[in-house]
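The values are calculated or read from the model by the stated rules, or taken from the named source; none is laboratory data. All values reported here derive from a predicted model rather than from experimental measurement. In this analysis, Cβ positions are derived from the backbone assuming ideal geometry, glycine residues included, and neighbour counts consider all displayed protein chains. For accessibility, only protein heavy atoms count, side chains too; no ligands or nucleic acids. Shrake-Rupley method; radii C 1.70, N 1.55, O 1.52, S 1.80 Å.
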Amino acid sequence: MRNMLDMIAPRPEELWERSASEIQTREIDEGRTANVAYFNSKLDKPELVGNRKELVALGGDALTGWRHSYEMHMTKGITREAAAYIPHDIERMVATIHMDTPWFTGMEGHMDAVAEYLMEVTGQAVVLVGPERLKDMNGDDASTVTKLFHQAVGSSEVSLALAAQDSVTIVDFLVQKHGLPRQLIEVGPSRGAMLAPGKHQHALDSELQPVYYDLSDPCIAENIRDDWRNIYRLPMFPIREAPQLVPVALDAIRRRRIHREMATFALPKDGITAALLGTGPAIFSGEAGEFPAQLPAGTPVHLLNLSRNPLGHNDLWHEKYDHTLYASVSLDTAHFGLGYGSIEEHIARRINRWVNEYFTASEDVAKINYKRVHLTDDDAQLGPDEHMPDVA
């Protein structure tokens, strides 16, 4: 029984040991330290996929920017897709929005649409990094069983901490290649929100500057074995999510994005294996709950929680971000409510206000008034008793 639990929800330290990581104790604030996992994972072969794609405004023909698509091969045998969305008008471009995909979603569909929308509305470059893909090393002649076995072995090294480090390596490469700003605005839904604070120390090591975090409904702040209530919370998750599919789909139809959204969960076979056997145990391990401690005190964070998510662990996340300069809002909807258009609209609005405040503060991030960035917006439009369709 214990061996089974270790497979489903290993301890974070066990995950990091499997990848032969080096755990460094970093001083985050004066008198406060946190452990940071470092992996022997580097960018091996960045590969441009096709030609750059022209992006045009929905319902029109005006050029808004370009998408540059890549396959990023890492030295640990993991491949991640990535894309840089670069606006046509770079006059307001002062930061790079950095995002990672949710669990079981790929680069196409919802996240591609969100990245393009944020680029168009905010005028900032966006870098989107996809999930792990595990290529077998045995060639096309190997049996399916052999391929699955080797992918399963590779999945054992997958962790959110490794994903965070790789994501920073990738954004650093794309920032340099395309001449993008080195200030990072970290935006993350679900899995992206969970690993986002784990990027912070790696970004500093790469001389990147994370300036603002906008995180939407992170899940599982501690190992699921640590609270017996998770025994019934896990099966409750799909039960509560199912009714949300229809209103989310109707919202996508209203925004003329339903066909595009349908590609969201189209993962390749090597991505499905990694998601099931790698990312799943990493999420259930609760390692994401270790990452907020890596943020310095006063780091600006906007935290959105969705109250019908039984695995949201909302109170725990608030405790873990308590040392930061964070604001939070809770909406009465399930986790799939992240698909509503109002989510990305409010993210874009906060980023635009961050940019305005940045210029108002004479480009000094230390002088930005974050009450003008997000608190007024939340109080006025996203009250705790509102249901998402009311603000969609």
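Some values worked out for this structure:
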read-out: Two-site FRET efficiency, ILE272 against ASP205, from Cβ-Cβ distance with R₀ of 41 Å, rounded to 0.05; value: 0.80
read-out: Alpha-carbon centroids, segment 109-125 and segment 333-373: separation in whole Å; value: 14 Å
read-out: Amide H contacts of SER328 (H built 1.01 Å from N, under 5 Å, at least 5 apart or other chain); value: LEU303
read-out: Residue with peak Gaussian network fluctuation, the chain [Cα springs, cutoff 10 Å], from ILE347, ILE231, ILE185; value: ILE231
read-out: Where Cα atoms sit under 13 Å apart: lysine pairs in the chain separated by 8 or more or lying on different chains; value: 6
read-out: Residue-averaged [θ]222 nm for the chain, counting only DSSP H segments that reach four residues, each worth -39500 (n - 2.57); value: -10500 deg cm²/dmol
read-out: Other-chain or far-sequence residues with amide H under 5 Å of ILE97's (modelled H); value: ALA125, VAL126, VAL127, ILE185
read-out: For PHE336, solvent-accessible area (1.4 Å; no DNA, RNA or ligand), Å²; value: 70 Å²
read-out: Under the span-like rule (Cα at least 20 Å along the axis, Kyte-Doolittle mean at least -1.0), DSSP H helices of the chain; value: 160-178, 341-360
read-out: Other-chain or far-sequence residues with amide H under 5 Å of ILE28's (modelled H); value: THR33, ALA34
read-out: The chain, accessible area per residue, ligands and nucleic acids excluded (1.4 Å, Å²); value: 43 Å²
read-out: Rounded to whole Hz, the Karplus (6.51, -1.76, 1.60) HN-Hα couplings of segment 18-30, x for glycine and proline; value: 4, 9, 6, 7, 9, 8, 10, 8, 9, 7, 8, 10, 4
read-out: Percent carbon-and-sulfur accessible area, the chain, ignoring ligands, DNA and RNA, probe 1.4 Å; value: 54 percent
